[in-house]
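The values are calculated or read from the model by the stated rules, or taken from the named source; none is laboratory data. Note that the structure is predicted; figures quoted are calculated from it, not measured. Here the Cβ positions follow ideal geometry from the backbone for every residue, glycine too, while neighbour counts run over all protein chains shown. Please note that ligands, DNA and RNA were not included when accessible areas were found on the heavy atoms of the full protein model with its side chains. Shrake-Rupley method; radii C 1.70, N 1.55, O 1.52, S 1.80 Å.
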Amino acid sequence: MEQQQLQENIQTHIEEGRPYNQWQGDPWLALGTYYQLKVVYGWGAIRSVLATYAQFTEDDRPTSGQAQTDLWIVTFSLHVKQNLANFFQSWGVPLSAEGLASIEHLPESTARMDDLLLGL
């Protein structure tokens with residue numbers, strides 16, 4: 001996907017109220033989230049989170065969508081030592097109250113989707 005098309009997709013996502021089902025259903029849109037994480041935290045953070053995931057046993061991996069989302073956001077937050085709840089929420093990706101409680105001790109990330117659009 002071309003950079004301009006990605007920016008247009010993101011702009012449409014913002015204009016439509018950042019619906020989570022749109023983010024879930026558009027792999028290019030979701031990849032924009034991870035591209036921004038790469039810009040802010042680098043490939044090392046992504047590799048580190050993925051390495052942690054590789055160590056999870058089948059019993060450690062949640063089966064529900066919200067629990068999977070929570071695990072990803074919490075794990076990434078712990079690796080970068082910043083609370084990424086607001087970053088993901090700026091994309092329309094929800095975090096449960098339990099997930100939020102588990103990272104509320106971390107300093108809040110200042111990264112927001114809107115602020116990073118120029119970095120695409």
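Label-to-label distance, Asn9 versus Glu98, with points set 7 angstrom from Cα along the beta-carbon direction: 3.1 nm. Can you give me the Kirkwood hydrodynamic radius for the chain, using every pair of distinct Cα atoms, in Å to one decimal? For the chain, inverting the mean 1/r across all distinct Cα pairs yields 14.8 Å. Dipole magnitude for the chain: about 340 debye, using +1 per Lys or Arg Cβ and -1 per Asp or Glu Cβ, origin at the Cα centre. Would you kindly state how much longer the chain becomes between Thr57 and Glu2 on full extension, computed as 0.36 nm times their sequence separation minus their alpha carbon distance, in nm to one decimal? In short, 16.1 nm is gained. Placing +1 on the Cβ of every Lys and Arg and -1 on the Cβ of every Asp and Glu, with nothing else charged, gives region 40-110 a dipole about its Cα centre of roughly 280 debye. Region 1-22 and region 71-112 have their alpha-carbon centroids 21 Å apart. From the residues Ser48, Leu31, Gln89, which one has its Cα farthest along the dipole of the chain in the positive direction, the dipole being from +1 and -1 charges on Cβ of Lys/Arg and Asp/Glu about the Cα centre? The one lying farthest along the dipole's positive direction is Ser48.
Distance between the 7 Å Cα→Cβ label points at Ala30 and Gln68: 0.7 nm. Rounded to the nearest 10 degrees, the inclination of helix 3-15 to the longest alpha-carbon principal axis of the chain is 80 degrees.
For region 1-48, the percent of C-alpha pairs falling in each 10 Å distance bin, counted from 0 to the bin holding the largest distance, reads 25, 49, 25, 1.
Of the chymotrypsin sites (Phe, Trp or Tyr not before Pro) found in region 24-119, the ones in coil according to DSSP and having at most 16 other Cβ atoms within 10 Å of their Cβ are Phe56.
For Asn83, nonlocal amide neighbours, meaning residues 5 or more places apart or on other chains whose placed amide H falls under 5 Å from its own, are Glu108, Ser109. Solvent-accessible surface of the chain, averaged per residue with a 1.4 angstrom probe and all protein chains in place: 57 square angstrom. Ligands, DNA and RNA left out, the 1.4 Å accessible surface of the chain is 53% carbon and sulfur atoms.
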